[in-house]
Structures are given as C-alpha cells and as structure tokens.
Amino acid sequence: AKDFDSKTDIYAAAQLLWSQDMKPRTIAVHTVTGEALEMTGEWLKEEWRQLIAVDPGTTTAEDIAATIEALDGKMFFTSISVEGAAEKDDATLIAAWKEAIKLLAKYRRTIAMYYDDTVKTPEAAVVGATAGRDPGSFTYKNIIIRGLDPLKISDAVIDAINGTDETGHALTVVRKAGDVVTTEGKVCEGEFADVVDSIDWMVQNIAYDTQKLLNVQPKVPYTDGGITQLENVTESVLKRGFNMGMIAPVSENPTVGDYSVESLPKSEVDPVDVANRHYPGISFRFMAAGAIHTAEINGTLLIA
C-alpha cells in the first residue's frame, strides 16, 4: 500500500497472491514506462522463479512466453478469458478457447489459466498457492485456491481447457469436495509442471553446490580423487531431491532413490580438457516421481 494504491491492478494481484495458504514470503514488482513490458535487461536475470504480467501493455503473452522459454529456472503464469463466454454454448466456447491457447502450446515454461474477465490476474492465486511450497512436494492439480469463485462450466469445457497435445494445456478452477481447486497440473507444452520444477531445482542446486565446492576448497585436484569430490556433490543433491519427493524410489526398495551418477576417470578425459582445467565427465540420471491425480474406486454390493 505504501507504493501502490489499493485501487491499482498490482495491488489487487498482490492481495490475491497473499491470500493463499502457501504464499511466498516476498514478491518483487518490476515497473516500466511506455506501452510495453521490456522483455530485456538485468531484471530477467535476477533470482526469481514465477512471473505474472499484471499490465504488459502491447506485449503479448506469446512474447513473454518466448522470452521465458529461453531462460533457466523461470516460469511464466498467464490467464486467458473468452469474451462473452457465459452466452456461448459448449462447442463455441471450446472452439474459442482452442484458438486462444494455441499460440502458447509449444511452451514448456508457461502455465496458462482459463478464467472469466471479472478478475484481472487470476493466475496470481495459483502462484500464491504454490510459490511457498517445496519443489517436489506437490502437483499443480487439486491445489486449493482462495479468493476466486469456481467457474460454472461443463466437463466437456474443462476437458478442453485441460488440453491436448495439439491445442495446448491449461487449468481452471472448480469446486470439488467443498474446496475450490485447480483442474490440471501441466505446462502449456504438456509436461507436468512439478516435473519442470524438479528438473530446475536439480540443475540449479547441482550448479550451486559445485561452485560452492570450488569456492571453499583451496584446490580440487585434477585426479580421480578430485573427480570423486565433484561426483559426491551431484549425488548429494540427487539424494536431497529424493528425500523431497522429486525422485521415484527403485521398485525393489522404497527407501532408495532411482537415480545414478557416473564420471569419467582422468585417464579417459581428453588431454586438451585436462590442460585447460576443464572436466566434462559428470553425468546423472533420475526417474521423476509421479503422482496420483485421479482415482477410480470400484465396489461390490452384496444383498443378504
């Protein structure tokens, strides 16, 4: 309120974001002058994760999605409404929706939300309900949302919003078991959003912990022992990822994560890399942990 009047769109977005149960501790506001959101500059490289474009001016959602797609560790949340949706029959509404979402269908770092135009940035609720959670501990489907009314739309429309590979994937909010919840948990391209979160977390933490090792050690020798130190850093991050729920367990032992790390011994490294003090030989793999999004319960009735 100190910087933004309570009647501004940015205030309303922050209010919706912070009304959620798992809200982030802090947010940052990037303001611009002119008619468009500046999708260049140092602000893009700052340490933030989710972007909401409250007032992008003439910059389109596709422009923003394309920029974010090229960045590491960022996610763009946007919303799409269909004009006159309440008056449209299902077939017309579905056709309009597919036309609106198709430009975002190829983006892996964008999450789209369908909602009516009564709320300027309804996606702020989704960000607020997820940003404070640990990666790997949740999926984006069935997330409880505060401050938004559930949409009164048919299952056919919901299925269309949830998406296909051809038209793009999105989510909306409906009421289930007394709660207003999200209907899907995928990015526009079709991957489950929690998988994208997990991969980003793994890559960022391996990079950070490797750099920290190089910082605190006077010297990591170019020996098999030094290579083992790098390997141990990577394995430690994967183990943490398993403990946080990002990595599936091996089938024969639920207490062991399905991941592995491999390294080249110094004898197999190109001498040019050795001379340049560059080691390219660590590789890892992991099986992303799945989640149950729906359940089918069968029963038998016996008559005495």
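The values are calculated or read from the model by the stated rules, or taken from the named source; none is laboratory data. The model shown is predicted, which means the values in this text are computed figures rather than measured ones. All Cβ positions, even for glycine, are placed from backbone atoms using ideal geometry, and neighbour counts span all protein chains on display. These area figures cover heavy atoms from the full protein model, side chains too; ligands, DNA and RNA do not enter into them. Shrake-Rupley method; radii C 1.70, N 1.55, O 1.52, S 1.80 Å.
Annotation: residue 43 fulfils all but one of (1) open to solvent by less than 70 Å² (accessible area, probe 1.4 Å); (2) more than 30 Å from residue 134 (Cβ to Cβ); (3) free of Cβ contacts under 8 Å to residues at least 24 places away in the same chain; the unmet one is (2).
Quick check on the range 56-97: of everything there that is outside any helix (DSSP H, G or I) and in contact with a helix residue (DSSP H, G or I) (Cβ under 6 Å, 6 or more places away or on another chain), which residue is farthest from residue 111 (Cα to Cα)?
82
Does residue 165 count as among the acidic types (Asp, Glu), open to solvent by 10 Å² or more (accessible area, probe 1.4 Å) and touching a strand residue (DSSP E or B) at 6+ places or on another chain (Cβ under 6 Å)? For residue 165, the condition - among the acidic types (Asp, Glu), open to solvent by 10 Å² or more (accessible area, probe 1.4 Å) and touching a strand residue (DSSP E or B) at 6+ places or on another chain (Cβ under 6 Å) - is not met.
The C-beta contact set for the range 6-34 (first residue of a type in the set (Lys, Arg), second residue modelled with pLDDT of 95 or more, distance under 6 angstrom, 6+ apart or interchain) comprises 23/128.
Could you pull out the residue among 106, 102 that is assigned to a loop (DSSP other than H, G, I, E, B), touching a strand residue (DSSP E or B) at 6+ places or on another chain (Cβ under 9 Å) and among the charged types (D, E, K, R)?
On the way: 102 fails: assigned to a loop (DSSP other than H, G, I, E, B).
So the residue among 106, 102 that is assigned to a loop (DSSP other than H, G, I, E, B), touching a strand residue (DSSP E or B) at 6+ places or on another chain (Cβ under 9 Å) and among the charged types (D, E, K, R) is 106.
It is to be established whether one or more residues within the range 20-39 are open to solvent by less than 30 Å² (accessible area, probe 1.4 Å), touching a helix residue (DSSP H, G or I) at 6+ places or on another chain (Cβ under 9 Å), part of a helix (DSSP H, G or I) and not aromatic (Phe, Trp, Tyr). No, that holds for no residue. Taking the criterion of being small (Gly, Ala, Ser), farther than 16 Å from residue 13 by Cα and buried (at least 21 other Cβ atoms within 10 Å of the Cβ), the only residue of the range 113-137 that qualifies is 136.
From the list 116, 159, 134, pick out the single residue that is assigned to a loop (DSSP other than H, G, I, E, B) and under 19 Å from residue 94 (Cβ atoms). Lay out the reasoning, then the answer.
Values: 159 fails: assigned to a loop (DSSP other than H, G, I, E, B); 134 fails: under 19 Å from residue 94 (Cβ atoms).
Answer to the selection: 116.
Among residues of the range 209-231 being under 22 Å from residue 259 (Cα atoms) and touching a helix residue (DSSP H, G or I) at 6+ places or on another chain (Cβ under 9 Å), the one that is most open to solvent (accessible area, probe 1.4 Å) is 224.
Residues in the range 259-304 that are among the aliphatic types (A, V, I, L, M) and open to solvent by less than 60 Å² (accessible area, probe 1.4 Å): 261, 269, 274, 282, 288, 289. For residue 54, the criteria (1) under 23 Å from residue 186 (Cβ atoms); (2) modelled with pLDDT of 90 or more hold in every case but one, which is (1). Among what's in the range 81-112 and is more than 11 Å from residue 171 (Cβ to Cβ), at pLDDT 95 or above and in contact with a Leu (Cβ under 9 Å, 6 or more places away or on another chain), pick the residue that is surrounded by the fewest Cβ atoms within 10 Å (Cβ to Cβ). That would be 109.
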